[in-house]
1. Set the Förster radius R0 to 45 Å, insert the Cβ-Cβ distance between L280 and K405 as r into 1/(1 + (r/R0)^6), and round the FRET efficiency to 0.05.
2. Put F556, F115 in order of accessible area, largest first, 1.4 Å probe: what do you get?
3. Using the structure shown, list the pairs from K281/K320; K320/K543; K320/K430 with a Cα-Cα distance above 20 Å, or answer none.
4. Any idea of the accessible area per residue across segment 451-526, 1.4 Å probe, to the nearest Å²?
5. Any idea which of T173, G197, G140 is furthest toward the positive side of the dipole for segment 73-216, if Lys and Arg beta-carbons carry +1 and Asp and Glu beta-carbons -1?
6. Per residue of segment 446-453, what does 6.51 cos²θ - 1.76 cosθ + 1.60 with θ = phi - 60° give for ³J(HN,Hα)? Whole Hz please, x for Gly and Pro, Karplus curve as stated.
7. Which lysines have a Cα less than 28 Å from the Cα of K142, not counting those fewer than 8 places away in the same chain?
8. Sort 44-53, 175-184 by the packing proxy (mean of other Cβ within 10 Å over each peptide's residues), most packed first.
Amino acid sequence: MWDLLSQMLSRMTLIITIAFLFTRLPIFRQMIYRDLNIKGSFVMIMLFGLFGVIGNYTAIVVNPEAHVISNLWNPELQMNNAIADTRNIGIIMGGLVGGPLVGLGSALIAGGHRFFMGGFISEASFIASLVGGGLAGLFGRKLRGIGLIRPLPMLLISILILIIQILLIPLFTTQHITALHLISYTGIPIIVINSIGIWICAMIFYSVIQAEERTRANQTATALSIANRTLSLFRQGLNESTASKAAKVIQQLTNVDHVAITRGIRELAHTGGTSNPSELKYREQVIKTGNMKIVRSFTNALYPRNVNNAAFIVLPLLVKDKTIGTLTFYFRHPFLMTSVEREMAEGLSNLFSSQLELGEVERYNKLLQDAEVKALHAQIHPHFLFNALNTIVALCRMDPMLARKLLLHLSTFLRNNLTGLTDRLVRIEKELENVHAYFALEEARFPDRFELSVEMDPNLSHALIPPFILQPLVENAITHGELKNLGETGKIHINIKQRTESKLQLIVIDNGIGVPPERLVDLGQRVVNSTKNGSGSALFNIKERLTALFSQNASFNMESKPGQGTTVSITLPIQF
């Protein structure tokens with residue numbers, strides 16, 4: 001038995017090496033962080049099935065008399081022989097990591113190959129492989145529901161599955177006594193070696209996942225740091241002074257070699273001196289299409305006449321969906337332009353676009369004569385922004401993926417608030433996008449405290465309404481309805497429907513603490529004296545805007561009872 005263990009251990013190292021190389025593939029990260037599509041599942045089945053086939057070929061040939069007949073490659077067996085193999089490393093790993101489809105698919109390949117190799121337990125081995133792949137897939141699906149799979153649970157599950165597989169061998173063969181004699185000799189080595197191999201593979205996978213999470217956390221933290229240091233710059237507009245300072249900040253805080261910023265095709269700043277004239281065509285393409293351009297030159301990397309030409313990414317800087325300039329990241333070698341760097345560059349481009357848009361909006365605001373309109377559009381309260389940023393920063397290390405999602409929601413919220421400054425009407429779907437972004441940020445601060453539901457006629461998604469109509473109502477429900485302190489789940493329901501042929505109705509219902517009758521009389525009618533529950537300025541501004549836009553064709557109604565929640569109903573003309 002010890003001789004068999006030592007020989008199987010040497011065979012197992014080949015599978016472990018292949019598993020390590022597998023973690024280098026981009027599809028591995030797709031498999032870990034989100035559900036696989038059909039193409040991805042097929043690739044995983046083929047890869048894990050290949051692991052099993054290699055385990056078959058590198059197996060130790062044995063006979064029921066406990067004699068080892070060892071060959072490195074064993075394409076077929078004599079009828080009275082069997083093998084002690086590492087096939088189940090690929091099958092069980094495929095099921096645990098990829099789910100039932102991958103588990104069964106890889107079992108079909110590896111088990112089918114084992115069947116055609118022959119031997120007196122070939123049919124039983126095929127059935128045991130299918131059972132193992134199916135069980136591993138079911139366990140894997142269960143474990144994915146509670147987070148990423150850890151090495152220790154995978155070890156324990158693999159031991160259980162391997163024991164079941166070994167016990168099935170005598171049941172599904174006609175030579176029961178011979179099979180029992182065989183597994184008494186090979187059973188323990190197979191269980192030990194395969195489970196250890198699965199455990200090592202799991203540790204390799206898990207270490208890669210942890211490294212990926214640390215990279216994403218650092219990426220998010222870097223983006224926030226850059227955003228904090230460039231916000232005041234880009235809010236002043238895009239000029240040579242702000243571009244030069246921003247380019248130096250980006251170069252200091254990222255792994256890029258040089259940074260260039262242009263307005264149009266005119267270069268405002270370049271930390272590496274000046275750009276090569278050949279880069280002009282790429283900038284023109286980005287400005288024309290609004291899409292980033294990735295350029296790699298392996299010739300320049302081998303014969304570096306200009307470090308800026310080895311590899312670079314040109315990204316658009318957008319204001320209100322119009323490309324006003326470009327941001328270029330340079331790398332001294334194409335291999336330094338990793339997927340992480342590309343994601344960082346794209347995220348910073350979007351963030352800087354939002355900052356520039358903020359600067360443009362502030363410049364336009366200085367030209368506005370109507371102070372009430374300016375106050376109405378200033379929806380981004382500093383406390384909300386600071387709370388959102390603090391929440392994202394806190395999640396950077398605990399849950400970097402959630403922090404990244406929240407950063408995107410914050411970017412959406414900021415962008416919609418800023419573009420709404422000059423938009424008289426927006427589509428309902430755009431306003432709901434703003435509502436969901438705001439709600440996601442609040443929900444992250446107070447998890448499991450409240451929930452949002454939306455009911456809408458699909459035909460109304462492109463109907464036009466004034467911006468900042470629904471989001472302030474949701475904000476009021478959360479803040480002044482005290483949904484986070486109810487003692488039960490706070491609920492907000494938005495119902496958007498066509499009331500008549502020419503009228504659209506927006507209804508926001510919450511189950512908050514409600515509004516006392518004496519205060520309900522004034523809300524929406526005027527700005528009342530400030531209290532701990534707020535002044536009602538948001539509701540008043542909404543009603544005033546409805547009146548200014550639609551005169552008597554729009555209505556604003558509010559109903560509430562203490563302890564029974566609040567209902568706000570807005571009726572306005574349908575426009576497309």
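The values are calculated or read from the model by the stated rules, or taken from the named source; none is laboratory data. Keep in mind it's a predicted model, so treat the numbers as computed, not measured. Cβ coordinates were reconstructed from backbone atoms using ideal geometry, including for glycine residues, and neighbour counts include every protein chain displayed. These area figures cover heavy atoms from the full protein model, side chains too; ligands, DNA and RNA do not enter into them. Shrake-Rupley method; radii C 1.70, N 1.55, O 1.52, S 1.80 Å.
1. 0.75
2. Sorted descending by solvent-accessible area, the residues read F115, F556.
3. On the way: K281/K320 24 Å; K320/K543 27 Å; K320/K430 14 Å.
Too far apart for the 20 Å limit: K281/K320; K320/K543.
4. Values: 3500 Å² over 76 residues.
Computed with neighbouring chains in place, this is 46 Å² per residue.
5. G140
6. Karplus-based 3J(HN,Hα) across segment 446-453 equals 10, x, 6, 8, 8, 9, 10, 10 Hz.
7. Partners within reach: K39, K405.
8. Highest-to-lowest ranking by the protection proxy: 44-53, 175-184.
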